[in-house]
Amino acid sequence: MDLKSLIAEMTLDEKLQLLTGKNNWETVGIERLGVPSIVVSDGPHGLRKMVREEDGSYKTLKSTCFPTASAMSATWNPELAYQVGECIAEECQAENVDIILGPGVNIKRTPLCGRNFEYFSEDPYLAGEMAAAYINGVQSKDVGTSLKHYAANNQEYDRHHISSEVDTRALREIYLKPFEIAVKKSKPWTVMCSYNRINGVYGSEHKVLLDDILRKEWGFDGFVVSDWGAVWDRAKSLKATLELAMPYDEKHFGALKKAYEEGKITDEEIDSALERFLTIVFRAYNARSKRVKEYDADKHHEVAKKVALESITLLKNEDNILPVNKSKVKKLAIIGEFAAMPIIQGGGSAHVQSTKVDTPLEKIKHLAQKEGIEVEYAISMSVPSHSQYNQNTALTVAENADQVIMFVGNRNHVEGESHDRTSIRLAPDIENAILQVSRRNPNTVVVIQAGSAIDMSCWIGKVKGVVFDWYSGQAGGSAIAEILFGVHSPSGKIAETFPLCLEDTPSYDTYPGDGIVSWYKEGIMVGYRYYDTFEKPVLFPFGHGLSYTQFEYSDLKITPDVANENDEITVSLSIKNIGHVQGKETVQLYVRDMCSHVLRPYKELKGFVKVDLEPGEKKEISFKLNRDAFAYYSTAVDDWHIEGGLYKILIGASSQDIRLTGTIKISAE
Ligand code: BGC
């Protein structure tokens, strides 16, 4: 039976029931008509399947905890996001889950956002590309995804009601862009609307966003699900084309029925929503025959480790303090409870119960032993007990060692869902511990477990090395140990700017709004677009990350260098590893409009490639650019527009470390 005929067989009550959930995690099925119920579960960096116990309480099943999205994007390697997607899909299959609720692709507008660890970047292109790869990985195994939270959900503070007031250009170029890229490149089965309002209208009721832009303009052909409890007026949300309100809420059925009886929603609106919804329900149901019954947890752990290895970001490495050098270090002090009990993910609905956890301390001890290095461990002064004993021991251990590696970070009460950070500095007792330890031992390296930028200004000058470990998932402990000991060169690069301090961030004046609205006054000047355009100094620029080797960039070619706005342009260059160890470099391509009549950022990321090079090895890489690389969103024509004239192509190792430049002339109509 085709869907139209199936829907025609349904009673009104059955139809309206289908448009809301059965419970927290399942949709309604209709047995007499063979309509299956499907199961959704949280992600995004691992499967969080909750099962109901006999006493009514929920238990979370174990699954692989992969590095969170902010770590994933620090790899700048979409292939890894794809592999994570494949693994998560297998775990979904084994646990009978049809759709994973992720990835989250909201822009990191402020480093304060409590959920930044769940998001990819401050840059829409990078965020969109990583999300698309993840989705393609999951869906290659016939498991669905839910691209979330659509849209402009960039703070947790007051997230249920705040209106993100964003101008059209910023909405298009910054906040919608990652959704647009992911929808066009990977066709997610579902999109999840956000809680907040966008320019006064709730995400769940936003017909322009849901129907005009998402479906009609971008060609989205799945269904829209509400964030959990994000539907306020069910009839309005149906009219805006939101098909599924989750979780089950008795009032939604009544609201729809009343609206129908009053003629406020039509048969056509109900039936077309059902058709779109059931298309995915049957797609999910038919895919069940391909399910694996179990997955290889060890293999998934290895994938988690691969991602962690490529995400770990070396921010500072004075005197080549890293990797740990056995000719200089006989005694190594490891300080901080984060070494023994790492924070591997942020808090909230994304929190998974990992199958196991590699601890940095254990793995460091193992590698140190092989090198003949003695390791002494002490918890730092930042443990809750604050005991004098711990302080003294940690300082003595630091003093007696040739080198110190201190593990610090943000716990889940700092970075998690439903709340934002109140500061981007580490907790005062942690900062104090770093200062005290570094005073006792100048050879101090700090390893930070966190999901978003940290202001390090009060201590960074006192330590020789800083490694950003992110929330690196259950295998992160092995990965960080191998990076510290030089088994691999670090190759992560930050996917967000690390400002000098919170006061320097472009949204500082307007975040978090006045309780009713949050003005996105900075417009398109988000992240490096702001810092680089207005030449504001930063702690570490977007795209920064060091390696144990060096790379030489040469031979930039742009073909053609005079082009029509619809031509495809090839940019190629050579990159050579000129150091002594193997390493991976992420080459970033930025575009600058030299002739614009409108305000444009000084540079915008339009391409990136990660290359693996042995010492002395040279490779040629190339980028393909199309009109998206040059266009801005014109509110005059309400469309993407390219101005004819000169554009600069900037090739860099970060947004501020530009190694090669060239120009191209674009002729536009
Ligand atoms: C979160 C979503 C999540 C949902 C279900 C909401 O509070 O915002 O990201 O998927 O809960 O747990």
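The values are calculated or read from the model by the stated rules, or taken from the named source; none is laboratory data. Computed from a prediction, not measured in an experiment: that's the story for all the values here. Positions of Cβ are backbone-derived with ideal geometry, glycine not excepted, and every protein chain shown enters the neighbour counts. Just the protein is used for accessible areas: all its heavy atoms, side chains included, with ligands, DNA and RNA removed. Shrake-Rupley method; radii C 1.70, N 1.55, O 1.52, S 1.80 Å.
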Inset, instruction - Quick one: count up the residues across the range 228-247 that are within 13 Å of the ligand (Cβ to nearest atom), closer than 12 Å to L19 by Cα and open to solvent by 10 Å² or more (accessible area, probe 1.4 Å). - result: 1
Legend entry - Filter result for E496 (in a loop (DSSP other than H, G, I, E, B) and assigned by TED's automatic domain parsing to the domain that holds S327): yes
Inset, instruction - Could you run through the range 606-629 and say how many residues are under 24 Å from the mean Cα position of the chain (by Cα) and of a type in the set (G, A, S)? - result: 2
Inset, instruction - Report yes if some residue within the range 18-31 is more than 16 Å from the ligand (Cβ to nearest atom) and open to solvent by 30 Å² or more (accessible area, probe 1.4 Å); otherwise report no. - result: yes
Legend entry - Which numbered condition S70 fails, given (1) under 30 Å from P499 (Cβ atoms); (2) away from the ligand (no atom under 16 Å from the Cβ); (3) not in a loop (DSSP other than H, G, I, E, B): (2)
Legend entry - Filter pass, I174 being out of contact with any Lys or Arg (no Cβ under 6 Å at 6 or more places or on another chain) and closer than 29 Å to Y531 by Cα: yes
Legend entry - Number of the exception - D555 against (1) open to solvent by less than 20 Å² (accessible area, probe 1.4 Å); (2) touching a residue at least 60 places away in the same chain (Cβ under 8 Å); (3) farther than 30 Å from Y157 by Cβ: (1)
Legend entry - Scan of the range 162-196 for residues that are open to solvent by 30 Å² or more (accessible area, probe 1.4 Å) and either polar (S, T, N, Q) or touching a residue at least 60 places away in the same chain (Cβ under 8 Å) (or both), ordered by number: E165, D167, T168, R169
Legend entry - Given (1) open to solvent by 40 Å² or more (accessible area, probe 1.4 Å); (2) free of Cβ contacts under 8 Å to residues at least 60 places away in the same chain; (3) aromatic (F, W, Y), index of the condition Y602 fails: (2)
Inset, instruction - List every residue pair whose Cβ atoms lie under 6 Å apart, where the two residues are 6 or more positions apart in sequence or sit on different chains, the first residue falls within the range 88-103 and is closer than 17 Å to K187 by Cβ and open to solvent by 10 Å² or more (accessible area, probe 1.4 Å), and the second residue, located anywhere, is within 14 Å of the ligand (Cβ to nearest atom) and basic (K, R). - result: none
Legend entry - Residue list for the range 340-360, filter: within 16 Å of the ligand (Cβ to nearest atom) and open to solvent by less than 20 Å² (accessible area, probe 1.4 Å): Q345, G346, G347, A350, V352
Inset, instruction - Considering each of E165, E129, E180 in turn, give the residue that is under 15 Å from the mean Cα position of the chain (by Cα) and acidic (D, E). - result: E129
Legend entry - The one condition in (1) at pLDDT 95 or above; (2) open to solvent by 20 Å² or more (accessible area, probe 1.4 Å) that D514 fails to fulfil: (1)
Legend entry - the range 19-33: number of residues that are among the small types (G, A, S) and free of Cβ contacts under 8 Å to residues at least 24 places away in the same chain: 1
Inset, instruction - Tell me which residues, restricted to the range 201-221, are within 16 Å of the ligand (Cβ to nearest atom) and either among the β-branched types (V, I, T) or open to solvent by less than 10 Å² (accessible area, probe 1.4 Å) (or both). - result: G203, S204
Inset, instruction - Please tell me if K521 is out of contact with any strand residue (DSSP E or B) (no Cβ under 6 Å at 6 or more places or on another chain) and not assigned by TED's automatic domain parsing to the domain that holds P78. - result: yes
Legend entry - Residue selected from the range 127-159 under the condition within 15 Å of the ligand (Cβ to nearest atom), assigned to a loop (DSSP other than H, G, I, E, B) and not small (G, A, S), by the criterion surrounded by the most Cβ atoms within 10 Å (Cβ to Cβ): N154
Inset, instruction - Return only the number of the condition from (1) in contact with a strand residue (DSSP E or B) (Cβ under 8 Å, 6 or more places away or on another chain); (2) on the phi > 0 side of the Ramachandran plot that A398 does not satisfy. - result: (2)
Inset, instruction - Scan the strands (runs of 3 or more DSSP E) fully inside the range 364-483 and keep the ones with 2 or more residues being touching a residue at least 60 places away in the same chain (Cβ under 8 Å). - result: 403-409, 444-449, 465-468
Legend entry - Residues that are open to solvent by less than 10 Å² (accessible area, probe 1.4 Å) and assigned to a helix (DSSP H, G or I), drawn from the range 104-126: N116, F117, E118, P124, L126
